[in-house]
Amino acid sequence: MIPAAPTPMQPEPVLAPAPVPATPRWQRLWREAVRDPRELLALLGLDAVAAGISEAAASQFAMRVPRGFVARMRPGDLHDPLLRQVLPVLDEERIVPGFALDAVGDGLAKKADGVIQKYRGRALLVATGSCAINCRYCFRRHFPYAEETAARDGWAGAVAAIAADPGIDEVILSGGDPLSLVTPKLAELSAQLAAIPHIRRLRIHSRLPVVLPERIDDAFVEWMSALPWPVAFVIHANHANEFDASVDQALDRLRRAGAQLLNQAVLLRGVNDSVDTLADLSERSYAAGVLPYYLHQLDRIQGAAHFEVGDDRARELHRQLAARLSGYLVPKLVREVQGDPGKRPL
């Protein structure tokens, strides 16, 4: 008997390594943000005024500005309204009576880790402490994000607190900026919220469509289009110069995904405290498909006193704005007051 020829050994197949997912463009741009005030001034040809920078303010509340936002600033203009919003200056070091670390009572309104409830029917989730831009007037610049973030324990505590209160029918994603989270993390949160039957609306407050419009990418639009609730998307722009073609495109994508777009601005001295500037902002935001919503009086947070516009001046500006524009282009002039059942009209 002739033995069968041995079966030749087959080489083990060589498996190609799994492809590494490409980093989304918005994350690369995030990492490339300008963080050094001197670099920012140099990019604008303003090296000579670097002495006005506050190292103490920049240390306490770091500067971060996406380069696309820097590109909308006017070179050589120290008073550019976009630059003024982000540059840490010596005025921030002044301690002014009436300006506090928690200007709007977030600490007293805590419902759970990262959950704030000030008004009936609405709960705010502090989804993250991160933001693509650090605005110098931010009312949460002293907020203890390390201890008060809803993402703790995989959202469990925050979601449980909302689920336990059937009176809550609207959830507001805030921060920091909720769009700082990668889309899979947002999907993880929305999936848990979708299991709560008494939630009827979702509101998202974000500055990223304006300062980093690349964040509104295909994955984000797909996530938002699939949400089971009506979505109000509140952007934050204070000046018409913050809009450009890339911002228009991002806002158009949000609108096509089904979001109702609203803008809330803060009245800021040296930025938008003229009726012409406010009118331009309303006209420009509406041209981009965004309805003017709120014009906030400054929250009196420590370090931001140099931005304050007095109430009498604010009311006069608002009166002039209402005399110039159609009613739907005039935002409500309001202030947030601790303990009030809603924003207080001025």
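The values are calculated or read from the model by the stated rules, or taken from the named source; none is laboratory data. What you are looking at is a predicted structure, and each value in this text was computed from that prediction instead of being measured. Cβ placement follows ideal geometry from the backbone for every residue including glycine, while neighbour counts extend to all protein chains displayed. All accessible areas refer to the heavy atoms of the entire protein, side chains included, with ligands and DNA or RNA removed. Shrake-Rupley method; radii C 1.70, N 1.55, O 1.52, S 1.80 Å.
A few notes on this one:
- Between ALA164 and LEU346, the simple label model (points 7 Å from Cα in the Cβ direction) yields a spacing of 3.8 nm.
- 17 Å reach of a label modelled at LYS332, 7 Å along Cα-to-Cβ, counting backbone N of the stretch 238-263: 261-263
- Solvent exposure of the chain amounts to 47 Å² per residue of accessible area, where only protein heavy atoms count and the probe is 1.4 Å.
- Along the axis of the charge dipole computed for the chain (Cβ charges of +1 for Lys and Arg, -1 for Asp and Glu, origin at the Cα centre), the listed residues LEU90, TYR145, VAL234 are led at the positive end by VAL234.
- Shown is the FRET efficiency for GLN27 and ALA323, computed with R0 = 30 Å from the Cβ-Cβ distance and rounded to the nearest 0.05: 0.10.
- The relative contact order of the chain comes to 16 percent, based on Cα pairs under 8 Å that sit 6 or more residues apart.
- Using heavy atoms of the protein chains and a probe of 1.4 Å, the accessible area assigned to SER59 is about 100 Å².
- Under DSSP loop assignment and at most 14 Cβ neighbours within 10 Å, longest GluC sites (Glu not before Pro)-free interval of the chain: 148-346
- Only Lys, Arg (+1) and Asp, Glu (-1) charged, at Cβ; the chain dipole about Cα centre in debye: 660 debye
- R0 of 35 Å, Cβ-Cβ distance VAL182-GLN260: FRET efficiency to nearest 0.05: 0.90
- One Cα centroid belongs to the stretch 117-132, the other to the stretch 196-216; the line between them spans 11 Å.
- For semi-axes √(5λ) of the Cα gyration tensor in Å, calculated from these coordinates, the label among (1) 29, 26, 25; (2) 32, 22, 19; (3) 40, 26, 21: (3)
- Volume per residue for the stretch 96-231 equals 106 cubic angstrom (convex hull of Cα atoms).
- Apportionment of accessible area to carbon and sulfur, the chain, percent (1.4 Å): 55 percent
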